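Shown next, in structure tokens, is the structure this report addresses.
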Amino acid sequence: MFIKIYFGDKPVYLCTELDATLNALMHQPETILLDEVSAPSIHTLLHEIVKPQFHQGILIGKDLQTLKKLFFRHFTIVTAAGGVVENEHGEILLIFRKGKWDLPKGKQDPGESLEACAVREVEEETGLRSVRLAEPITVTYHTYEEHGKQILKDSHWYKMYVNGTQELIPQTEEDIHEIRWVEQSGLARYAEESYPSIRDVLNVL
């Protein structure tokens, strides 16, 4: 079991053991591998992962929750939630934001549940109404810099459904300029023009 955190398009894996995928990555020269869980080792990983010669990192510890807690201390944590929305035809809703195909999501408000946040953000960003919340899909993690702070965002994804024909209204103030229903057989083409974490969500479907 592992937690994958994206630094741009570079994944860093927090894990307690190496599965087949991580074992293969471990032997690549582009991989940073650290098996000491300490503040200095985490600092080393964060310093090295931004270098162009490294493509991914692996940090191994005995307990995943302890490892996660120590790693996350180095960031300001932002929690978000969103949805993979399916219509009656089995099509998936994608939004075009900041030059990438994306899924609707947004930051959790104080006191708001993740489920309420996911539905609210989907409806605000797309104009959809009467969105039905279903099961949770996955959680993704990515980092970015904002106002000089290092942010780590954990995004909680839910499956959602809508019925009938509804007008799609892009929330332009959130830099959304197009919304499109896409057949699931055609998602791979759009995923190529998306973010790695969004590709991970779509791959779970």
For region 160-181, how many residues meet the condition of being of a type in the set (A, V, I, L, M, F, W, C) and buried (at least 17 other Cβ atoms within 10 Å of the Cβ)?
4
When you go through (1) among the charged types (D, E, K, R); (2) assigned to a helix (DSSP H, G or I); (3) within 30 Å of residue 74 (Cβ to Cβ) one by one for residue 112, which number turns out not to apply?
(2)
Pair list, Cβ < 9 Å and 6+ apart or interchain, from region 170-186 residues that are on the phi > 0 side of the Ramachandran plot to residues that are assigned to a strand (DSSP E or B) and at pLDDT 95 or above
175/97
Looking at region 49-109, what strands (runs of 3 or more DSSP E) fall wholly within it and have at least 1 residues that are in contact with a Gly (Cβ under 8 Å, 6 or more places away or on another chain)?
76-86, 105-107
Give me a count of the residues in region 17-37 that are within 24 Å of residue 73 (Cβ to Cβ), exposed (fewer than 14 other Cβ atoms within 10 Å of the Cβ) and touching a residue at least 24 places away in the same chain (Cβ under 8 Å).
2
Suppose the filter is acidic (Asp, Glu), touching a Leu at 6+ places or on another chain (Cβ under 9 Å) and assigned by TED's automatic domain parsing to the domain that holds residue 154; does residue 102 pass it?
yes
Looking for something touching a Leu at 6+ places or on another chain (Cβ under 9 Å) and surrounded by fewer than 19 Cβ atoms within 10 Å (Cβ to Cβ) - is there at least one such residue anywhere in region 151-159?
yes
In region 52-81, what residues are at pLDDT 95 or above, more than 30 Å from residue 110 (Cα to Cα) and either surrounded by fewer than 11 Cβ atoms within 10 Å (Cβ to Cβ) or in the same structural domain as residue 148 (by TED's automatic domain parsing) (or both)?
52, 53
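The values are calculated or read from the model by the stated rules, or taken from the named source; none is laboratory data. Model, not experiment: these values are computed from the prediction. Cβ coordinates were reconstructed from backbone atoms using ideal geometry, including for glycine residues, and neighbour counts include every protein chain displayed.
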